[in-house]
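Below is one structure, written out as structure tokens; the observations come after it.
Taken together, the values in this text are just the output of simple stated rules run on the coordinates, not laboratory data. From a predicted model like this one, the values you see are computed outputs, not experimental measurements. Glycine also receives a Cβ, built like all others from the backbone with ideal geometry; neighbour counts cover every protein chain displayed.
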Amino acid sequence: MGENSATAIRTPAKTPSTAKKAPSTGKQQSILGFFSRTGAASSVAGATPSPSARSASTTTTKRDASPQCLKETTTKSNSMLVSRRTATATPVPSSDALEPSSSQENRDASTTKVASLTRLSPAATPAKIVKKQPVSAKPSLHSSPSRKAKKVVNYAESSDEDDDAIFAALKPRRSRQRRSRAAVSDEEDEDTYQDEADNAEDDDDDLADFVVSDDSDAPSKSKKRKRPPSRPTAPRKKSNLSSSPGPDLPVPADDDEIMEDIPPSTSTAQKWKYDPDNVHPSGPTSRVPPPAQKSTGPKPKPKPHSKEPEERYPWLANILDGNKNPPGHPDFDPTSIYIPPSAERGFSAFEKQYWDIKKNLWDTIVFFKKGKFYELYENDATIGHQLFDLKLTDRVNMRMVGVPESSLDMWVNQFVAKGFKVARVDQMESALGKEMRERESNDKKAEKIIRRELTCILTGGTLVDGAMLQDDMATYCAAIKESVVDEKPAFGIAFVDAATGQFFLSEFEDDVDLTKFETFVAQTSPRELVLEKSRLSSKALRILKNNTGPTTIWNYLKPGTEFWDADLARRELDCSGYFTSEEGQEVVWPKKLGEAREKDLAMSALGGLTHYLRILKLDQSLLSQGNFESYNPIHRNGTLILDGQSLINLEVFANTVNGGPEGTLFSLLNRCITPFGKRLFRQWVCHPLCNIQKINERLDAVDMLIADRSILQQFSSQMAKMPDLERLISRIHAGACRPEDFVRVLEGFEQIDYTMALLGAFGGGNGLVDRLIASMPNLKEPLGYWETAFDRRKARDSKLLIPERGVEEDFDRSQDELARIKDELHALLERQKTALKCKTLKFTDVGKEIYQIEVPKSVKVPASWRQMSATSAVKRYYFRELEDLVRELQEAEETHSQIVKEVASRFFRRFDMDYEVWLQAIRIIAQLDCLISLAKSSSALGMPSCRPVFVDDERSVVEFKELRHPCMANTVADFIPNDIKLGGDEAKINLLTGANAAGKSTILRMSCIAVIMAQIGCHVPAASARLTPIDRIMSRLGANDNIFAAQSTFFVELSETKKILAEATPRSLVILDELGRGTSSYDGVAVAQAVLHHVASHIGCVGFFATHYHSLAAEFAHHPEVRARRMQIRVDERERRVTFLYRLEDGVAEGSFGMHCAAMCGIPRRVIDRAEVAAREWEHTSRLKESLERAKMGCYLPLGVLSDVASLLRGGDGREGGEVGERGVEVLLRAIEAL
């Protein structure tokens, strides 16, 4: 877009003939002549100053009385300030590595010398200055030492786009004069060629070394370019560039306008001016604005990066979505933006290509491939500049930042980590490929720029490349559909681990508190959510917000059109070719998906997820794997249910301190070696077993592995460097696997095959490990083909899949063609050696200009040869026959590269034909890995530890001897073990009292953790363990309010308690910690007493009830299912100190000793004394306890007993809760008997 921005005040790239004919030594000057010159020298050697410039110079000399020898002199190189700038240079961050570019741009200027390259500002690019300068020219103050007296070299990052310029410029020039001129790249983005002055102007000196040419996207030029008509140029004026000109020294307006971007000099020499008549120190003077002069040309356009996009594009200032809805409109779509047709008509071809993609991805960061760089434009560029300090500059009419393609993954990770979606737009052809396409196509309307297409959109929840994923754990993207069935909330959920391509489908009815839904969120921790707009209940949204992290991505889709209903989802899945058979005729749904076909909520959720994956261009590669599983957050039969609240309270996956994995049960037990084993082990921890037979099978396998450590050691050593095969075979299925990763996959499966052969020697039994080894599929047959299919060393080193001879015929033919052309080139070289009688002739590659013939300077070559480059000893040439062969070779290489890509795709498809075999092998290895992890964890528990014994008694029992908390066993040296016994021949509920910080909560948690470990199949840190399988662990711990849900601490307590009363069974383990403390003492005691009675008398579950309400101990003193326990302490009343012994014993605590704890925490003594008086006067529970003690002296019946008797007497009245069950009657009779 820079073609209209050139102005008459800029210096043309082509120097006048007088400048070119100047002698290289310049004009000799005397010392007196040098000091008597004005400060502004001509910028072109030998150029005669214009009369106006001369007169200005004379005036300056006359007006300045100070001697000229003491004034700063501006050298010839200083005058390069007014040299050219280009508006189309594309810099990239200066931290990127330099790569020598093709000498294409400097082909005809190989002998041109530059005495000084001036580095003045980001607007000057010395790499493009090609005028000859006198050797005597002095360097500027701003000149970089590394750029003095160098031959012109363009350090532009060479790209595939440069190729079309190479061949356009390979033809002979029309004259010797044109051949001696410096070449300017033919590649211009979409700018039409107007004047070489436009191409030579430079944009940004600071980043000039990284300039990527835009020219690849321009329509192909004719081989013989017409010289542009010369334009009258305003005469160059001299100016004195002294840093502090006096007010009477006018500066020409032209020069000032060009130098507007030059930063102030840091040289101290320019801060002083000698004046013999002035004895006062001169302060810093400012440059006086020059008088306005009329410009002969149009004003230069402001740089795009200096103005906000909204200032240049009115439609960005007032954003509308694709349907012209403004922000705030109910149907506003933040993913799209409306571009008026009038604005589109003003776009260049490149701009149109960009905005056609960006307008539908307005909320996405779009990385646009340009040569060997990925670039961000406009608003995306602003974000990159603000967040990561990427250098902001221009690409034609757009502000831009860029990064090298080698570091793209790193930058994508940076944006994704900030919560952005990132799109990648890639080039679908090289510049040479574009030219070949244009030559072969007769369509005049075909694209005249390089084709680019959106290849993928990356989000935090759908990353597929293992290099971008943070760890080995699964990352889920979940689509949620909510409805109401029979006045109950119902959910359909579809979620996917995009890295492995595994889908899960779930449909369930929930309770009013959405327990199952909350459990699903706690188990999966989805990284990205796909929701129906305005269709999710406030309670479900609240659960999602409370249980997901701040980086979770929320996507709202329109119901029906984007979040499909069940019928539309079924039609789309049938018609989109995801599940077509190998013959391509019949649609065959995967088994698990077929089972869910009639579940409308699940199918609608899958429809919403499929539409979203289609937007991300991931649907085909993921769905076509057919890897579907059903999912139930709470398995009623066969597994121990850990609801979301229990997973949080027991710190199974995340601790309550900082939400990290430190000190959690999962981090303690997870000793898996393989990444896919770790993901399966998380599922094992989420769903411990409940079937005694399956639990004992796992425990048998663990015992066998501990006893015979050879299997454990063999497996561990062989699997230590196993790649993430589950993710990589998903990438192979998608056809997007790197060659080196493909080699790792093959070697990984070969390693599995070898390991299983070793383990086979230990098999033969009927145990779980033996059955797993026996079920491993035979991998030798599918692996046999790949032993000789391609060269693995080349795949690792060259990152190309090169098939062995005879495997791929078209590849062999293409390689033969390349060899033929190279043989002809070497034959041509031998002929030229004979013709020139020079045996030292050889081919040399300079950048992308390959096979230049290198000739010693002493050898005379034919006149038709064109010099391309040179050194002090040799010159390098092209000639017609050589050019034709080079062209043929490069076209053959372009065709060959396409064949290489096609061969890789064929290899991937052939490998994917055995997808089920590979997946089965991975799952067997994952299960073995989990068993070995349990064996390692069991061995590391220390002593005492034991294998738990499961019994199938009618009455639930949980019994541990000398139990320690497993997560503290190895970190706390003097941990006090305790005996736990719930149920069996003892009471099912332990009423636990004790002082503050005495260890009550630790007892509760470690009992639950030990049960989970036992039912996963692990040993427990106890001397002995005996228990019946627990079907559910339910917890009510801590005091937490929920301000986001407008719920008080007491409200949260009661909500969790209500779930326990509704869901607990006689086989459940329940822990209740300090229930009722969130309200007044009377209310708290009443609630705690009623709940404890219901749990002990009517539900019949085992568990702990920890409390500071000591009156409860008196109330339930004779209850047959409640046993009073306390934490042992020693109290020093005089010092108000409590020694915690952390030992569990029978009895009721003497008190809570809150004042003693306050004294130990450093509360002032007088405050504690006053508090003790108040406590004695107002402690309601103490009075209640005293009244209970007095009542017992008479005929006292506990309130719970009275309540049950009353219920029995009015039984049959039909009121809810009016009936006492068989278990309740039994407990009631035993309670009355105890009285």
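Compactness ratio for the range 357-431: Cα radius of gyration over 2.2 N^0.38 Å (N = residue count) comes to 1.02. In this structure, the residue pairs whose Cα-Cα separation is over 25 Å, taken from LYS369/LYS448; LYS799/LYS839; LYS434/LYS833, are LYS799/LYS839; LYS434/LYS833.
How big is the convex hull of the Cα atoms of the range 1112-1152, per residue, in Å³?
Numbers: hull volume 2.8 nm³, N = 41.
Cα convex hull per residue, to the nearest whole number: 68 Å³.
Which residues does the label zone of ARG1067 cover in the range 1089-1113, counting backbone N under 18 Å from a point 7 Å along Cα→Cβ? Those under the cut-off are 1099-1103.
Pairs with C-alpha atoms separated by more than 18 Å, drawn from the list LYS488/LYS1059; LYS488/LYS545; LYS516/LYS539, are LYS488/LYS545. Per the Debye formula on identical point scatterers at the alpha carbon atoms of the range 681-789, with no solvent, log10 I(q)/I(0) at q = 0.13, 0.16, 0.20, 0.23 Å⁻¹ is -0.65, -0.91, -1.18, -1.30. For the cross-link pairs LYS418/LYS617; LYS307/LYS533; LYS359/LYS558; LYS359/LYS418, the ones whose C-alpha atoms lie over 29 Å apart are LYS307/LYS533.
Go ahead and run the numbers for FRET between ALA1206 and ASP511, Cβ-Cβ distance against an R0 of 25 Å, rounding to 0.05. Before the final figure, lay out each step's value.
On the way: r = 29 Å, r/R0 = 1.15.
Approximately 0.30, to the nearest 0.05.
Computed on the Cα trace of the range 816-946, the radius of gyration divided by the Kirkwood hydrodynamic radius gives Rg/Rh = 1.48.
Rounded to the nearest 0.05, the FRET efficiency derived from the C-beta distance between LYS307 and ARG345 at R0 = 25 Å is 0.70. Computed extension gain for LYS488 through LEU1229, at 0.36 nm per residue and net of the alpha carbon distance, reaches 263.0 nm.
Both radii come from the Cα set of the range 470-634: Rg as radius of gyration, Rh as Kirkwood radius; their ratio Rg/Rh reads 0.95.
When ranked by the protection proxy of mean other Cβ atoms within 10 Å per residue, highest first, what sequence do the peptides 1120-1129, 1058-1067 form?
Working: 1120-1129: 21.2, 1058-1067: 17.2.
Listed from highest to lowest mean packing, they are 1120-1129, 1058-1067.
A P(r) calculated from all alpha carbon pairs of the range 305-458, with 10 Å bins opening at zero, reads 10, 37, 36, 15, 2, 0 percent. Couplings for the range 473-482, taken from phi via the Karplus curve 6.51 cos²θ - 1.76 cosθ + 1.60 with θ = phi - 60°, read 6, 5, 10, 10, 10, 10, 9, 10, 10, 10 Hz in order; Gly and Pro are left as x. Only sites in a loop by DSSP and with at most 10 other Cβ atoms within 10 Å count here; which GluC sites (Glu not before Pro) in the range 446-520 make the cut? The qualifying sites are GLU487. Rounded to two decimals, the Cα radius of gyration of the range 716-775 over 2.2 N^0.38 Å is 1.35. Only Cα sites of the range 844-898 enter the Debye sum here, all with the same form factor; the resulting log10 I(q)/I(0) across q = 0.14, 0.17, 0.30 1/Å is -0.41, -0.57, -1.23, listed in q order.
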